[in-house]
Amino acid sequence: MTTKTLLLLFCISITAWGSGDPAVAQARQTTVDFSGIISSSGTTPFWIDSNRFGIYSRSGSQLMTRIQTHGTAPVFKSEHFRLQYGADLVARPAGEQTLSLNQAYLKIEAYAFEIVGGRFHTRSPIHDERLSMGSLGVSGNATPVPQVRAGLADWTGVPFTNSFVKIRAHLSHGWVGGRRYTDDVLYHEKVGHLRFGGDLPINLYGGIAHYAFWGGNDNPDLGDLPAGVEDFGRVFFALGGDERAPEPEANFMLGDHLGAWNFGMLYNTDLVKVNVYRQHPLETKDNLKLKSLQDALNGISFRFDDALGWPVKGVVYEYLYTKWQDGPRTENILDDGTRCSQVPERCRDLFQGNENYYNHFIYRTGWAHYGRTIGNPLFRRSSTPLDRLDDGIDNNRIIAHHIGVEAGIQGASVVGKFTVSRNFGTRDDPFPEPVDQISIGINGEVPVRIGDRAITILADAAWDNGSLFGDQVGLLLGLRWTSP
């Protein structure tokens, strides 16, 4: 039985269960979206398509129907135990057509701890989800990876510190679907951050996010790859494999590892919340030592309380630089002048440089899921989902500026995004000339009532100019019905 079939059965079962005794299903909401996109080209504009969990097609003009239901129910009649569930069905009849579950999950919360299984929306735990250009780890750009996750979903006080120190962490194991160069790939994710400051207006935080693709079958060059319990331990600690692993993975790390260091400062008052952050990409063990300090996503975000009465609710500015990548690829040389290739037993890493973010020689489809980059969407995957599976990310050396603004007036919400980037390709395959790209998007949601029904009018407008994503103008119009 396929993962998609299991998720569909799960969706049906939780929907049926949630429609029973209202004393058990305390709260449930269902929404139905009907929307259409018109594009001036065969490409959906960047800020209509990106960071929306893959619900829209990238092939330009299209229609879509989306049905969601999400609910909660008490467990043991206690406020400290809660069950959450949800399903999100997306139907697109045209290009990149699909009838699929974008979400189908079951979550159990016990005090600060939670465990969740299925396919669900998730992003970086640090950035402003609505306004950011996207985390370097998981940005919400791709269809969610089915997984089982356990951890602390929110900041939780560390014992004996009077909540001056807080922690936020989780561990996930998942299964990567879609057509890939290596099939049936497994997914590993662990994220942990510490926050210091307690009730003080200024808090400092820092932590690490670690992701990996590992295992898999039918690699054209290597066949089936190690995927046992003992191999999970090696992936968890980023260790080399045993004699069953390909030689480079036996000597270095089993699987394709990447992640990010996250550091920042939070300033919170009753009227404004400020987050200043810096995220450094990780691609090898050398990056753990912050050897490429210039490569980072830098940002500052402001969130304004409604008590101010301002129409502007949030503002984000971000600057992305990823050109250095620990420099060109070179062989490591010991202090006595010996090349590491001559004495590999004395060297942890034979080479340094050319981190080639989001790419890997075994998992050549790249840091992508169903053809979309899992991380920041400016890192472009060069091929559509169903062709050239050995083509990975063809643009990972980027300089970009991004502004996001959210406003709210009389219940209506408007989000604007402006992104300008200069793109250089990869060190192995650089663009002949730097490629400039401008992308602008405005997303509006206006709630209205028709009788006793709540209806939301959906309207997006977006414009792209440049050779990276193309030149196009697009418009999205839709309606959303929400259950009472």
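A short reminder: the numbers here are calculations on the coordinates, not readings from a lab. What you see is a predicted model; the values in this text were computed from it and never measured. Backbone-built Cβ (ideal geometry, glycine too); neighbour counts: all protein chains shown.
May I ask you to list the chymotrypsin sites (Phe, Trp or Tyr not before Pro) in the stretch 213-262 that are in a DSSP loop and have at most 10 other Cβ atoms within 10 Å of their Cβ? Could the numbers behind the result be given before it?
Values: sites: Phe213, Trp214, Phe232, Phe236, Phe237, Phe252, Trp261; in loops: Phe237, Phe252.
Hits after loop and neighbour filter: Phe237.
Between Asp390 and Ile108, what length in nm is gained on full extension when 0.36 nm per residue of separation is reduced by their alpha carbon distance?
Between Asp390 and Ile108, full extension yields 97.7 nm more.
Compute the signed sum of charges (Lys and Arg +1, Asp and Glu -1) over the other residues within less than 11 Å, Cβ to Cβ, of Ala112. The partial results should precede the final answer.
Details: positive: Lys166, Arg168; negative: Glu109, Glu114, Asp154.
Neighbour charge sum, excluding Ala112 itself: -1.
Which value at 222 nm does the chain reach when only helices count, each DSSP H run of 4 or more adding -39,500 (n - 2.57), with the total divided by all residues and rounded to the nearest 500 deg cm²/dmol?
Numbers: 4 runs with 33 residues, N = 484.
It comes out at -2000 deg cm²/dmol, rounded to the nearest 500.
Test of the criteria: in the stretch 44-80, which chymotrypsin sites (Phe, Trp or Tyr not before Pro) are in a DSSP loop and have at most 15 other Cβ atoms within 10 angstrom of their Cβ? Please list the in-between numbers first.
Details: sites: Phe46, Trp47, Phe53, Tyr56, Phe76; in loops: Phe53, Tyr56, Phe76.
Of the chymotrypsin sites (Phe, Trp or Tyr not before Pro), the ones in loops of the stretch 44-80 whose Cβ has at most 15 other Cβ atoms within 10 Å are Phe76.
What's the angle, to the nearest 10 degrees (0 to 90), between helix 3-18's Cα axis and the longest principal axis of the chain?
With rounding to tens, the tilt is 30 degrees.
Cβ under 15 Å from Asn465's Cβ, Asn465 left aside: what net charge do those residues give with Lys, Arg +1 and Asp, Glu -1?
Details: positive: Lys417, Arg422; negative: Asp436, Asp464, Asp471.
Summing Lys and Arg as +1 and Asp and Glu as -1 gives -1.
Please work out how many pairs of lysine residues in the chain are eight or more positions apart (or on different chains) and have Cα atoms closer than 24 angstrom.
Counting lysine pairs in the chain gives 16.
Sorting Leu477, Leu136, Leu152 on the 10 Å Cβ count, fewest up front, what's the list?
Working: Leu477 14, Leu136 28, Leu152 17.
Listed from fewest to most nearby Cβ atoms, that is Leu477, Leu152, Leu136.
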